[in-house]
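Encoded as structure tokens, the structure appears first; notes follow it.
The values are calculated or read from the model by the stated rules, or taken from the named source; none is laboratory data. Since the structure is predicted, the reported quantities are computational estimates derived from the model, not experimental observations. Cβ placement follows ideal geometry from the backbone for every residue including glycine, while neighbour counts extend to all protein chains displayed. To get the accessible areas, we keep the full protein, side chains included, count just its heavy atoms, and leave off ligands, DNA and RNA. Shrake-Rupley method; radii C 1.70, N 1.55, O 1.52, S 1.80 Å.
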Amino acid sequence: MHAAIAGAHGQVARFLTRALAERGDRVTGLVRNPDHVADVTADGARAVLADLESATADEVAEQLRGVDAVVFAAGAGPGSGAARKDSVDRAAAVLLADAAQRAGVRDYLLVSSFGVDAVRDGAVPEGVDEVFVAYLRAKLAAEEELLARASAPDGLRVTVLRPGGLTDDAPTGRVRLERSVERGSVPRADVAAVCAALLERPAPPGGRVLELVGGEDAVPDAVARAVEAGRAGSGGATD
């Protein structure tokens, strides 16, 4: 497999790059900061400078020729305001979808966020600051746009992964991965392991949405069970 990862210098993305490289996959890592190229290269990826806030879809598509799957693991990051939550967590994710489709890439894995349903239909959850609400709204909008494309004939095969609270704990290799789970946390390295396994399991028509927290199931078993559950249901994002 040849995967392209947007936001390749992020913590989950770096774990994912290493995991894919170790199993013999090719990785193209998209980064916007030249200072990050050396790290991404050391992780085992071909580093490409691409600022998804300013690049065009055609420019990004040129870097995706021959790629089998794209992963959006970028984010505006802590300290950024509401405007950048939208320009990165929504608009850049959509731009990557545009580029993927122009390059003939079918599979798209979006690393989203637990809790996006709390802002659906304009809701404002209690006790959440306005910037985080903007972040959740941006993630939800990206999900909705991508899943709409997944429902189109010959559209993208979209997997949306919503991890719980991310920790720097050592990986356990054990998770809970289902359409809906109770709030919890999960080590970043385990998120990456789940992403690597999901990339081997293309999403069904209509896409799929999975939530992820720490649990008791070994990652391969959790992924196999979640994929099979999706097939047993409607096969789409709303089962």
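Suppose we filter A38, A61, A57, A69 for residues that are of a type outside the set (D, E, K, R) and under 24 Å from V194 (Cβ atoms); which single one remains? Even if it seems obvious, please write down each step before you answer.
Working: A38 fails: under 24 Å from V194 (Cβ atoms); A61 fails: under 24 Å from V194 (Cβ atoms); A57 fails: under 24 Å from V194 (Cβ atoms).
Going through A38, A61, A57, A69 in turn, just one is of a type outside the set (D, E, K, R) and under 24 Å from V194 (Cβ atoms): A69.
Tally time: how many residues in the range 113-124 are farther than 14 Å from V181 by Cβ and open to solvent by less than 30 Å² (accessible area, probe 1.4 Å)?
First, pick out the residues of the range 113-124 that are farther than 14 Å from V181 by Cβ: 118-124.
Checking the rest, the ones that are also open to solvent by less than 30 Å² (accessible area, probe 1.4 Å) come to 119.
The qualifying residues number 1.
From the list E178, E130, the one residue that fits, being over 20 Å from G7 (Cβ atoms), open to solvent by 20 Å² or more (accessible area, probe 1.4 Å), among the acidic types (D, E) and modelled with pLDDT of 95 or more, is E178. Return yes or no: is F132 touching an Asp or Glu at 6+ places or on another chain (Cβ under 8 Å) and under 23 Å from V186 (Cα atoms)? In short, no.
State whether the residues of the range 27-41 include one that is within 23 Å of L156 (Cβ to Cβ) and touching a Pro at 6+ places or on another chain (Cβ under 9 Å). Within the range 27-41, none of the residues are within 23 Å of L156 (Cβ to Cβ) and touching a Pro at 6+ places or on another chain (Cβ under 9 Å).
Within the range 120-132, restricting attention to residues that are in a helix (DSSP H, G or I) and without any contact (Cβ under 8 Å) to a residue 40 or more places away in the chain, which residue is nearest to V88 (Cα to Cα)?
We begin by selecting, within the range 120-132, every residue in a helix (DSSP H, G or I); these are 120-122, 130-132.
Within this subset, residues satisfying the condition of being without any contact (Cβ under 8 Å) to a residue 40 or more places away in the chain are 120-122, 132.
Values: R120: 19, D121: 21, G122: 20, F132: 14 Å.
Filtering the range 120-132 for residues that are in a helix (DSSP H, G or I) and without any contact (Cβ under 8 Å) to a residue 40 or more places away in the chain, the one nearest to V88 (Cα to Cα) comes out as F132.
Within the range 109-119, can you find the residues that are among the hydrophobic types (A, V, I, L, M, F, W, C) and assigned to a loop (DSSP other than H, G, I, E, B)? Scanning the range 109-119 gives a single hit, F114.
Which one of these is basic (K, R) and either closer than 21 Å to G230 by Cα or open to solvent by less than 40 Å² (accessible area, probe 1.4 Å) (or both): R137, R162?
Values: R137 fails: either closer than 21 Å to G230 by Cα or open to solvent by less than 40 Å² (accessible area, probe 1.4 Å) (or both).
So the residue among R137, R162 that is basic (K, R) and either closer than 21 Å to G230 by Cα or open to solvent by less than 40 Å² (accessible area, probe 1.4 Å) (or both) is R162.
Here E143 fulfils each of the conditions (1) closer than 24 Å to G24 by Cβ; (2) open to solvent by less than 30 Å² (accessible area, probe 1.4 Å); (3) acidic (D, E) apart from (1).
Of everything in the range 159-212 that is part of a loop (DSSP other than H, G, I, E, B) and β-branched (V, I, T), the residue that is nearest to G115 (Cα to Cα) is V181.
For the range 19-68, the set of residues classified as over 21 Å from R106 (Cβ atoms) and in contact (Cβ under 8 Å) with a residue 60 or more places away in the chain consists of A19 only.
Of the candidates D154, D169, the single residue that is on the phi > 0 side of the Ramachandran plot and open to solvent by 10 Å² or more (accessible area, probe 1.4 Å) is D154. Determine whether R84 is of a type in the set (K, R) and modelled with pLDDT of 95 or more. Spelling it out, it is not the case that R84 is of a type in the set (K, R) and modelled with pLDDT of 95 or more.
Counting the residues of the range 61-93 that are hydrophobic (A, V, I, L, M, F, W, C) and under 26 Å from V186 (Cα atoms) gives 11.
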